[in-house]
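Coordinate-derived values only; no laboratory data. Computed from a predicted structure; not experimentally measured. Cβ placement follows ideal geometry from the backbone for every residue including glycine, while neighbour counts extend to all protein chains displayed.
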Amino acid sequence: MRDLSRNSDQLVEIGRRFERRGWVLGTSGNFSTVIAREPLRLAITPSGAHKGELTADQILEIDENCEPAPPAAARPSAEARLHVEIVRTLGAGAVLHTHSIWSTLLSDRHAARHGLTLEGYEMLKGLTGVATHEHREWIPILDNDQDMVRLAVRVKAVLQSKPAPHAFLLRRHGMYTWGETLPEAVRHVEIVEFLLEAAGRNEATPWHS
């Protein structure tokens, strides 16, 4: 229980931090971090909870089938299956899902292209493995789907592409990113959300020389 307690406190703080930025308003978003690999266990936020008002005792422990450990008064979001798929496919240590206005708008605007490219920004160097602003980061966009088994199959295919993305968007829904550790995943959220906002504002009001 000590591992769950420590991770719970971290997820609660992330919820407050992201809610202040407008990235998880209402009951949107969900966060998870790996507690153990064999067998797989995740600490994850519960369904229907306001992320800016979370308490540590609300954080759930789930297994690879997304079943919460007893006693559990709540359930994880149906999207917990996507968290498990990302952890399994990439070996990620944490998965964070946000619902910002820019990820929602851009996921719709670029849906026909199945993704958008972010390039030329110094902030790209905040993504793990990126060493230059000249990097081209492809952010895949998948259609939203209430069938999580079907969606998880499509997510896995995207994650296995080469090079693997640092994040993906669900159309009119939000953004998923991850990291080997929870702090790395938090950094990726901050970097990707910054880049999406920069791209979105530039598209809405382009600068003219």
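A simple packing score, the average count of other Cβ atoms within 10 Å per residue, orders the peptides 31-40, 69-78 as 31-40, 69-78, with the highest score first.
Using the rule -39500 (n - 2.57) for each DSSP H run of four or more residues, divided by the residues of the chain, the 222 nm mean residue ellipticity is -11500 deg cm²/dmol. So what is log10(I(q)/I(0)) for the stretch 156-209 at q = 0.25, 0.28, 0.29 1/Å, when the Debye sum runs over its Cα atoms only? Summing over Cα pairs of the stretch 156-209 leads to -1.06, -1.15, -1.17. Taken along the Cα-to-beta-carbon direction at a fixed 7 Å, the label points for D9 and W138 span 4.2 nm. Roughly how many whole Å is it from the C-alpha centroid of the stretch 22-94 to that of the stretch 112-183? Measuring centre to centre over Cα atoms gives 20 Å. One chain, two ends: R20 and S47. Fully extended at 0.36 nm per residue, the span grows by 7.8 nm beyond their Cα-Cα distance.
Spacing of the modelled spin labels on Q160 and E67, each 7 Å from Cα toward Cβ, amounts to 2.7 nm.
Projected onto planes of every orientation and averaged, the convex hull of the alpha-carbon atoms in the stretch 2-204 covers 10.7 nm².
What FRET efficiency would be calculated for the residue pair A74, D145, taking the C-beta separation as r and a Förster radius of 22 Å, to the nearest 0.05? Computed FRET efficiency for A74 and D145 comes out at 0.40.
Per-residue extension of 0.36 nm, minus the Cα-Cα distance of D57 and T27, leaves a gain of 9.1 nm for this segment.
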